[in-house]
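What follows is one structure encoded as structure tokens, with my remarks underneath.
The values are calculated or read from the model by the stated rules, or taken from the named source; none is laboratory data. The shown structure was predicted, so the numbers you read here are calculated from the model rather than taken from an experiment. Here the Cβ positions follow ideal geometry from the backbone for every residue, glycine too, while neighbour counts run over all protein chains shown. Heavy atoms of the whole protein, side chains included, go into the accessibility calculation; ligands, DNA and RNA do not. Shrake-Rupley method; radii C 1.70, N 1.55, O 1.52, S 1.80 Å.
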Amino acid sequence: MGICISIYAFVSFSGSEAYYVEKDSSGEIIDNEIFDSFGNVHVNESGNLETQGVLVNTAAFSKLKVSGAKQIYEILNDQKNYQSSGYYKIGADLLAGTYVLQSEGEGYVATLTGGVGKNDIIDNEIFNGRYKVTVSNSQYLKISKAVISK
């Protein structure tokens, strides 16, 4: 696997599922993810990317006057206070703390050490109904088929 050279915000457009794929020089998949909304990806040296969505280098955040991928998603999709499925960076997209999630059918939540392509799972759960999760700065929170209700 190549050396991580940049971190990008990945943002989809509302109403369309989007994906990110990075392949090595022989066409083998290094990493991939399907996104409901937004997240952060670690792009390696391969230079062989496929996306159905927008990649924004995190180095551009200050120039764009945004704090994270969630805010870019809200701007591009004319949303306010988006609280549903996504990859939240704690400290940028959400404050550290305890959140109550409400599933939309069978929900999934994971606390991660990093964005897509460079992370370990700290904790994860498939749940129905309400679920409480606590996150700290520099962690990531993946929420699928659920809404932050508190």
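Things to note:
- Length gained when the stretch Ile121-Lys80 is fully extended (0.36 nm per residue, less Cα-Cα span): 11.9 nm
- Ordering of 137-144, 18-25 by burial proxy (mean other Cβ atoms within 10 Å per residue, highest first): 137-144, 18-25
- For the range 18-29, backbone phi angles converted through the Karplus equation (6.51, -1.76, 1.60; θ = phi - 60°) give residue-by-residue couplings of 10, 9, 9, 9, 10, 10, 7, 5, 8, x, 7, 5 Hz, Gly and Pro being listed as x.
- A protection proxy built from the mean count of other Cβ atoms within 10 Å ranks the segments 89-95, 38-44, most packed first, as 38-44, 89-95.
- Surface per residue (accessible, 1.4 Å probe) for the range 65-150, Å²: 52 Å²
- The accessible surface of the range 14-150, taken with every protein chain in place and a 1.4 Å probe, is 45 percent carbon and sulfur.
- Whole-angstrom Cα spans of the chain along principal axes, big to small: 44, 31, 29
- DSSP-defined antiparallel bridges as percent of all bridges, the range 1-134, nearest 5: 95 percent
- The alpha-carbon of Lys80 sits under 25 angstrom from the alpha-carbons of these lysines, leaving out residues fewer than 8 places away in its chain: Lys63, Lys65, Lys70, Lys89, Lys132, Lys142, Lys145, Lys150.
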